[in-house]
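Asker: The structure that follows is given in the form of structure tokens.
The values are calculated or read from the model by the stated rules, or taken from the named source; none is laboratory data. Since the model is a prediction, treat every value here as computed from it, not as a measurement. We place every Cβ from the backbone using ideal geometry, glycine too, and count neighbours over all the protein chains shown. Side chains included, ligands, DNA and RNA excluded: accessible areas come from the protein's heavy atoms. Shrake-Rupley method; radii C 1.70, N 1.55, O 1.52, S 1.80 Å.
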Amino acid sequence: MAYNIGNEKIRILLNQEDGTFCAELAGGRLLHMCTEVRLKDGRLVRSTDLWRHEVSESEGEELPGACRKAFFIHTGDQDWKLVQEFCIYEDYFTASTAFCSGSEAETNYIAPFCPAGKEGEVILGDGPLRFLSAPFDNDKWAKFVEYPVAYSRMSYEFTVLHEENSEGGLVLGSVDHDHWKTGFTAAVNENSGKTEIIAVCGTATEDTRDLNGIRHGYLRGTEIKSARIFAGSFDSWQEGLKLYGRCNAAIRPALSWKGPVPFGWNSYAALMPLISYEKYKEASDFMKSIQDTFHDAEGMQYIDYDAGWERFTNRMKDTVEYAEANNQKPGAYFSPFIVLEPWFEKEVPGTGGNYLYRDLLLRDEKGEILPPVDGLYSLDATHPGVLEYMEYVTGKLIQWGYKLVKTDFVGHGCREGVFYNKDITTGVEAYNYGMSHFVRCLSEERAGYPILISLSIAPIMPHGYGHARRISCDSFGSLDQSAYLNNCITYLWWMNDCLYRFNDPDHIVTYKTYDKHSTTLEEGITRYNTGVICGGLMLASDDYGIPEACRRSRLVLTNEEVNKAAAKGGAFRPVSGARGESAADVFMRPEEDGILLGVFNYSLSEERHMDIPVEKLRLSAEECYMVRDLWSKRETEVRDGHIHVSLIPAQSAILRVKKGKNGN
């Protein structure tokens with residue numbers, strides 16, 4: 001007997017004979033699925049192993065909104081049960097599983113859905129399927145890779161499954177980020193040849209920075225619930241990701257920021273270890289010289305110290321005064337959850353002599369210090385010494401008057417371990433605890449003025465702890481770096497003004513990174529264009545003690561039309577070109593009177609010629625359009641329903657497309 005609940009787009013079928021379920025979606029099906037929990041004693045409990053399967057139904061009102069609910073309750077002769085909860089919304093559903101027991105239990109593994117034997121499968125059309133592997137964070141130049149299912153790797157927090165060459169597909173993702181790290185895997189069953197998919201709450205791997213086989217922390221209680229898993233089939237899986245983002249933001253809103261898209265300068269790519277007060281003043285003066293065209297919507301610039309300012313704290317107040325005299329806002333840098341090994345025996349600032357850094361290190365169940373990531377050791381985000389350290393450093397930045405804090409390596413606070421606060425047992429819980437305190441430390445209530453928090457190396461989720469998050473790992477000025485950044489924009493464009501107020505395209509190098517070769521003009525403009533399409537921070541990073549860097553920056557950073565497009569904000573969404581690990585090469589953003597296009601040639605050696613159908617841009621092929629290149633200022637007329645673009649090696653362009661003809 002199957003219980004049927006749903007709407008015109010979604011039907012959930014609950015089989016009360018064997019404890020399996022199916023999901024019938026507009027563009028695909030999940031067939032013969034079940035749920036399972038692994039307890040700490042090693043027992044694996046599956047819904048199909050129990051013999052009584054009951055259903056109840058109700059209306060739900062909790063976030064993200066009103067829904068129809070079905071509870072699928074699996075019991076046997078034991079004093080525990082599995083309770084699946086299905087919440088059905090207009091365009092998607094969520095599924096979760098709770099392990100309920102008469103006595104306290106422990107688990108670090110709940111699969112809200114997985115195949116129930118050889119009949120379990122996911123079906124999307126008739127063609128071969130591809131699976132998106134999303135990284136957990138942006139460390140170690142992690143990128144998005146779209147695999148054939150047979151070769152796919154785990155995806156973290158969300159994924160997409162779609163037919164090859166199809167814009168439609170299935171979007172899956174976790175929407176609760178209080179306790180669990182969630183992973184998705186897809187595979188082709190060797191025996192049946194069917195495509196299987198599984199969602200697991202309790203994922204800990206090298207990709208989550210949990211090294212040497214350390215396990216996800218255990219949750220304990222008489223009711224232990226998984227994260228809710230979002231599932232929906234969409235004609236455009238990119239639009240499905242956008243809806244998934246909105247669902248997350250409804251449950252945990254983005255950290256509010258009312259200011260405009262920031263423009264300015266960051267020291268890291270330009271100077272790295274050479275940062276000094278004198279070099280800061282040099283950058284401030286150069287930025288002041290182009291402030292009439294390179295500025296935010298309020299006419300301001302941020303001038304931002306990256307790592308290294310601790311060497312000259314006696315000039316930090318002077319820095320603020322210098323920047324403010326140039327009509328600029330000063331920024332600084334802080335990494336609250338890391339320490340280098342040589343500092344282990346140093347006293348932690350702000351802790352009154354009570355702690356050395358060694359005392360705050362995160363350790364495993366055996367008391368061993370966790371292995372380093374990026375050569376950096378992780379501090380316990382729940383330790384009172386870490387909280388006092390945060391209060392001290394942020395208090396000094398506030399006392400000096402800094403308006404932006406770039407916050408780095410916070411993913412270290414999300415690693416699994418044994419925590420000082422014994423109420424906290426998982427890395428995600430520790431991250432939420434530590435980052436909540438950090439946000440309070442930099443709040444307007446404490447500082448007396450708004451401080452922009454820009455997260456650098458950080459998990460994608462949990463969100464809500466920064467006004468901006470860097471969309472990639474370090475991205476410098478060469479063409480391969482622009483292509484890498486655009487890979488991340490291709491799959492995270494929807495995060496802008498959703499989970500975070502801004503996507504951060506990292507420091508924009510238009511001429512030369514400190515320890516690398518200088519770039520060509522085309523590479524410099526392309527790197528700037530990646531910032532424009534990202535939709536967020538526009539912080540340049542060149543050494544203005546180099547005359548050519550000044551000439552290049554003055555050319556690239558002062559294009560008024562391009563800067564107006566950037567200052568307006570809003571990420572461009574990908575249109576075409578993405579496959580495998582490659583980024584999209586055409587991006588678009590709707591405007592009041594047309595659209596903006598970003599087009600890219602990722603080849604250092606070959607020209608690129610594109611014919612872009614206007615219908616792919618949601619424009620009518622029956623209309624005439626004028627296309628203006630915001631860099632060359634050249635205008636062309638489109639009459640055949642295609643926009644024709646030719647790019648030399650490493651070149652890109654920002655194009656404005658509007659209805660009209662020459663002379664109109």
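Asker: Count, please, the residues in segment 606-638 that happen to be among the β-branched types (Val, Ile, Thr) and within 25 Å of residue 522 (Cα to Cα).
Answerer: 3
Asker: Looking at segment 28-37, can you tell me whether even one residue there is crowded, with 19+ Cβ neighbours inside 10 Å and modelled with pLDDT under 95?
Answerer: yes
Asker: Here is a further query. Among the hydrophobic types (A, V, I, L, M, F, W, C), open to solvent by 20 Å² or more (accessible area, probe 1.4 Å) and either outside any loop (DSSP other than H, G, I, E, B) or modelled with pLDDT of 95 or more (or both): which single residue out of 243, 271 fits that description?
Answerer: After applying the criteria, what remains is 243.
Asker: Something else about it: Within segment 607-662, which strands (runs of 3 or more DSSP E) (wholly inside it) include 3 or more residues that are at positive phi and either β-branched (Val, Ile, Thr) or surrounded by 12 or more Cβ atoms within 10 Å (Cβ to Cβ) (or both)?
Answerer: none
Asker: Right, next: Return a yes/no flag: does segment 568-582 have any residue that is assigned to a helix (DSSP H, G or I) and either under 25 Å from the mean Cα position of the chain (by Cα) or closer than 22 Å to residue 504 by Cβ (or both).
Answerer: Checking segment 568-582: at least one residue is assigned to a helix (DSSP H, G or I) and either under 25 Å from the mean Cα position of the chain (by Cα) or closer than 22 Å to residue 504 by Cβ (or both).
Asker: Can I ask one more? So residue 497 passes all but one of these: (1) touching a residue at least 60 places away in the same chain (Cβ under 8 Å); (2) acidic (Asp, Glu); (3) buried (at least 24 other Cβ atoms within 10 Å of the Cβ). Which condition number does it fail?
Answerer: Among (1) touching a residue at least 60 places away in the same chain (Cβ under 8 Å); (2) acidic (Asp, Glu); (3) buried (at least 24 other Cβ atoms within 10 Å of the Cβ), residue 497 violates only (3).
Asker: Answer with yes or no whether residue 135 is part of a loop (DSSP other than H, G, I, E, B) and either surrounded by 18 or more Cβ atoms within 10 Å (Cβ to Cβ) or of a type in the set (D, E, K, R) (or both).
Answerer: Taking the combined requirement at face value, the residue satisfies it.
Asker: Moving on to the next point. Would you mind listing the helices (runs of 4 or more DSSP H) fully within segment 361-480 where at least 1 residues are crowded, with 22+ Cβ neighbours inside 10 Å?
Answerer: Because the criterion is at least 1 residues that are crowded, with 22+ Cβ neighbours inside 10 Å, the helices (runs of 4 or more DSSP H) in segment 361-480 that meet it are 384-400, 427-441.
Asker: Taking segment 7-35 as the region of interest, how many residues are in a strand (DSSP E or B) and either within 31 Å of the chain's Cα centre (by Cα) or of a type in the set (S, T, N, Q) (or both)?
Answerer: Counting residues in segment 7-35 that are in a strand (DSSP E or B) and either within 31 Å of the chain's Cα centre (by Cα) or of a type in the set (S, T, N, Q) (or both) gives 15.
Asker: Something else now. State all residues of segment 519-550 that are open to solvent by 40 Å² or more (accessible area, probe 1.4 Å), within 20 Å of residue 652 (Cβ to Cβ) and without any contact (Cβ under 8 Å) to a residue 60 or more places away in the chain; if no residue qualifies, say none.
Answerer: Once the filter is applied, which keeps residues that are open to solvent by 40 Å² or more (accessible area, probe 1.4 Å), within 20 Å of residue 652 (Cβ to Cβ) and without any contact (Cβ under 8 Å) to a residue 60 or more places away in the chain, segment 519-550 yields only 521.
Asker: Give the residue that is most open to solvent (accessible area, probe 1.4 Å), with candidates limited to residues of segment 151-188 that are of a type in the set (S, T, N, Q) and either touching a residue at least 40 places away in the same chain (Cβ under 8 Å) or assigned to a loop (DSSP other than H, G, I, E, B) (or both).
Answerer: Selected residue: 165.
Asker: Another question about this same structure. Looking only at segment 457-507, which residues are closer than 18 Å to residue 139 by Cα and of a type in the set (Asp, Glu)?
Answerer: 474, 480, 504, 506
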